[in-house]
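The values are calculated or read from the model by the stated rules, or taken from the named source; none is laboratory data. Computed from a predicted structure; not experimentally measured. Positions of Cβ are backbone-derived with ideal geometry, glycine not excepted, and every protein chain shown enters the neighbour counts.
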Amino acid sequence: MSPARNSPKLPGIAATELAPAQVLIPEQPTLPGLKAAAAGCQACDLYKTGTQTVFGEGAGHARVMFVGEQPGDREDIEGKPFVGPAGRLLDEALRAAGIDRTQVYITNAVKHFKWKPQGKRRLHQKPNAAEIGACRPWLDAEIAVVKPHILVCLGATAAQALLGRDFRVSVQRGQFIERPGLPLMMATVHPSSILRAPDDESRDLEMQAFVADLRRLAQRLER
Ligand code: URA
Ligand code: SF4
């Protein structure tokens, strides 16, 4: 037995054991089973400040899976991915590209909302590599169960999580990337980046480019 196991239990506040997400994954995972298991995840500190785990949602055998960064303020409250302002913009772009949202699966690289207070608002914070890594087993399990033909990364966080740290969305957006044993992959911008455009004109241009990426995706899905 390890020395730590032998040591007497000392009084006071017990150390938190952060269970890695992997141990929570059911042996024969289904989407409902994964969602139920992820609700109890404490594999990183974000469970302490997020209201709930926001698991992916959508068609069980969707041919395309979208991966965002992490839930935002609205998603944290409602418990569903992409239901706030970024989700509305995504819906609009999917419609424009002729993709039915009910036929796709939508999830995030990190499943708890990371934020810091700013006055009465909760300001979004980028998840770090440790948090993305801690949450990765959930994403891998979703991919294994849904088996999408195409995996679309929305923004740099998802792209770097799935395509590597050197991946540059600005350079490689809209390109299909084939890797052995993996679904076809593509990265594009995050819908929130379009919401942050400084003026209407640049917002329109960025929206057009986003819809163009999604149209290429729609064409590829028709093959
Ligand atoms: N941004 C994301 O990356 N995901 C969401 O679910 C909402 C906003
Ligand atoms: Fe678990 Fe992911 Fe939430 Fe961290 S962010 S507690 S890994 S579900």
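Some notes on this structure:
- Within region 84-114, the set of residues being of a type in the set (A, V, I, L, M) and closer than 20 Å to L46 by Cα comprises A109, V110.
- Residues that are out of contact with any helix residue (DSSP H, G or I) (no Cβ under 6 Å at 6 or more places or on another chain), near ligand 1 (Cβ under 10 Å from one of its atoms) and over 19 Å from R63 (Cα atoms) within region 86-108 comprise just one, G87.
- Number of the exception - K114 against (1) more than 15 Å from ligand 2 (Cβ to nearest atom); (2) touching a helix residue (DSSP H, G or I) at 6+ places or on another chain (Cβ under 8 Å): (1)
- Pairs where the first residue, in region 57-73, is in a strand (DSSP E or B) and the second is at pLDDT 95 or above and among the polar types (S, T, N, Q), C-beta under 6 Å, 6+ apart: V67/T107; G68/N108
- In region 30-42, the residues that are touching a Ser or Thr at 6+ places or on another chain (Cβ under 7 Å) and assigned to a helix (DSSP H, G or I): A38
- Pairing residues of region 122-140 that are touching a residue at least 40 places away in the same chain (Cβ under 8 Å) with residues that are of a type in the set (S, T, Y), at Cβ distances under 7 Å and at least 6 apart in sequence or on separate chains, gives K126/T157; P127/T157; L139/T107.
- Test for Q103: is it surrounded by fewer than 20 Cβ atoms within 10 Å (Cβ to Cβ), in contact (Cβ under 8 Å) with a residue 40 or more places away in the chain and either farther than 12 Å from T49 by Cα or in contact with a strand residue (DSSP E or B) (Cβ under 6 Å, 6 or more places away or on another chain) (or both): yes
- Scope region 118-132; condition basic (K, R) and part of a strand (DSSP E or B); matching residues: R121, R122
- Assessment of region 174-189 against the conditions (surrounded by 12 or more Cβ atoms within 10 Å (Cβ to Cβ), touching a residue at least 60 places away in the same chain (Cβ under 8 Å), in contact with a Gly (Cβ under 9 Å, 6 or more places away or on another chain) and among the hydrophobic types (A, V, I, L, M, F, W, C)) yields no matching residue.
To keep it simple, each residue is scored yes or no on (1) closer than 19 Å to P148 by Cα; (2) touching a Ser or Thr at 6+ places or on another chain (Cβ under 8 Å).
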residue	(1), (2)
V23	no, no
C44	no, no
E69	yes, yes
G84	no, no
R95	no, no
W115	no, yes
G119	no, no
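- Test set (1) in contact (Cβ under 8 Å) with a residue 40 or more places away in the chain; (2) in contact with a helix residue (DSSP H, G or I) (Cβ under 8 Å, 6 or more places away or on another chain) - P81 fails condition number: (1)
- Within region 159-170, considering residues that are touching a residue at least 12 places away in the same chain (Cβ under 8 Å) and part of a helix (DSSP H, G or I), the one farthest from ligand 2 (Cβ to nearest atom): V169
- Residue that is surrounded by fewer than 17 Cβ atoms within 10 Å (Cβ to Cβ) and away from ligand 2 (no atom under 16 Å from the Cβ), where the choices are L214, L151, L221: L221
- Count of residues meeting criterion [within 13 Å of the chain's Cα centre (by Cα) and either part of a helix (DSSP H, G or I) or among the polar types (S, T, N, Q) (or both)] in region 136-158: 11
- Residues that are assigned to a helix (DSSP H, G or I) and within 16 Å of ligand 1 (Cβ to nearest atom) within region 171-194 comprise P191, S192, S193, I194, listed in sequence order.
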